[in-house]
Amino acid sequence: MLSARVLANGFHLLLFEVLNECLNRGIGAHYNIKASVSSITLQNLSILCVLAMLKIYGYVQSINVRKVLWACEELSLPFEREDWGGGFRSTSEPQFRALNPVGMVPVIDDDGTVVWESNVVVRYLAMSRRRTDLLPSEPGARARIEQWMDWQASDFNNSWRISFQALVRRNPAYQDRAAIDASVELFNRMVGIIDGELGRTGAYIAGATFTVADIAIGLSLHRWLSVPMARPSYINVERYLARLLERPGFVRYGRDGGP
Ligand SMILES: N[C@@H](CCC(=O)N[C@@H](CS)C(=O)NCC(=O)O)C(=O)O
């Protein structure tokens, strides 16, 4: 926890000047700023800025945790991370359940605002840091991004569950050949849908520019490439993944981050 006390003289406009200065210095992009005005008079204005480091709970190999880590990279956000889940500290511990009653990583604590469910966390981070380039406020543009993220977390994610557990994790509970083949077929079909969309946009999943939807879709496509199985060749997906490699966040948490 960092804290800074800013004392200034002047009218309340000064409050905005001080906060603007924080934003200009990039503090606003990195931290939640809480300002409490202890007294507002023409002569005396006292502002207390409390700046807190973002906390991330979750092990780094998790694809859902890596969405949040990539988002932090896009936002140039410093953070502290603790290993929970995936064989590290159990998400069944009461301390963890108090943060997330469903017991899944990732969870974040942003100066007291606790959020779980990876795609929601990514949207929260972009929205709270006013990154409308990554998540616009216009409802239509925003819905086009959210629809791909919700689809990623539901239908798309379910398509690979069995093939991923069987062929990458080698989980003995997932060894039914017919079920694996069906999952491979469905996974490939879903990626075919993405390929078609990328053909239409010519660039990113929700349009001409990179948005938070590309974090969820990009990591999922990297997973698709990581499963040892037969794959159709999808030229738009191939070009998209090459485009994402221009971003350090995808290099670190996608290409070099595991399946
Ligand atoms: N829909 C959730 C899924 C989260 C999830 O499945 N997390 C896994 C890791 S990828 C987890 O917490 N597993 C329990 C554990 O590792 O103990 C999200 O997107 O955040």
inquiry  = Quick test of your reading of the structure: PHE96 fulfils all but one of (1) farther than 28 Å from ASP195 by Cβ; (2) within 12 Å of the ligand (Cβ to nearest atom); (3) in contact with a helix residue (DSSP H, G or I) (Cβ under 7 Å, 6 or more places away or on another chain); (4) aromatic (Phe, Trp, Tyr). Name the failing condition by number.
reply    = (3)
query = Got at least one residue in region 130-141 being surrounded by fewer than 18 Cβ atoms within 10 Å (Cβ to Cβ), within 16 Å of the ligand (Cβ to nearest atom) and in contact (Cβ under 8 Å) with a residue 24 or more places away in the chain?
reply = no
ask   = VAL107 versus (1) among the aliphatic types (A, V, I, L, M); (2) more than 10 Å from the ligand (Cβ to nearest atom); (3) outside the structural domain of SER220 (by TED's automatic domain parsing): which is the lone unmet condition?
value = (2)
key: Any chance ILE180 is among the aliphatic types (A, V, I, L, M) and touching a residue at least 24 places away in the same chain (Cβ under 8 Å)   = no
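If you check ASN157 against the conditions, is it within 11 Å of the ligand (Cβ to nearest atom) and assigned by TED's automatic domain parsing to the domain that holds SER183? Give the steps one after another, and end with the answer.
Working: within 11 Å of the ligand (Cβ to nearest atom): yes; assigned by TED's automatic domain parsing to the domain that holds SER183: yes.
In short, yes.
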message = Being within 14 Å of the ligand (Cβ to nearest atom), among the small types (Gly, Ala, Ser) and under 20 Å from PRO248 (Cα atoms) narrows it down to one residue among SER90, SER62, SER76; which is it?
response = SER62
inquiry  = Can you report the number of residues in region 186-211 which are surrounded by 22 or more Cβ atoms within 10 Å (Cβ to Cβ) and of a type in the set (S, T, N, Q)?
reply    = 1
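The values are calculated or read from the model by the stated rules, or taken from the named source; none is laboratory data. For clarity, every value in this text was computed on a predicted model and none was experimentally measured. Note that we place each Cβ from the backbone using ideal geometry, even for glycine, and neighbour counts take in every protein chain shown.
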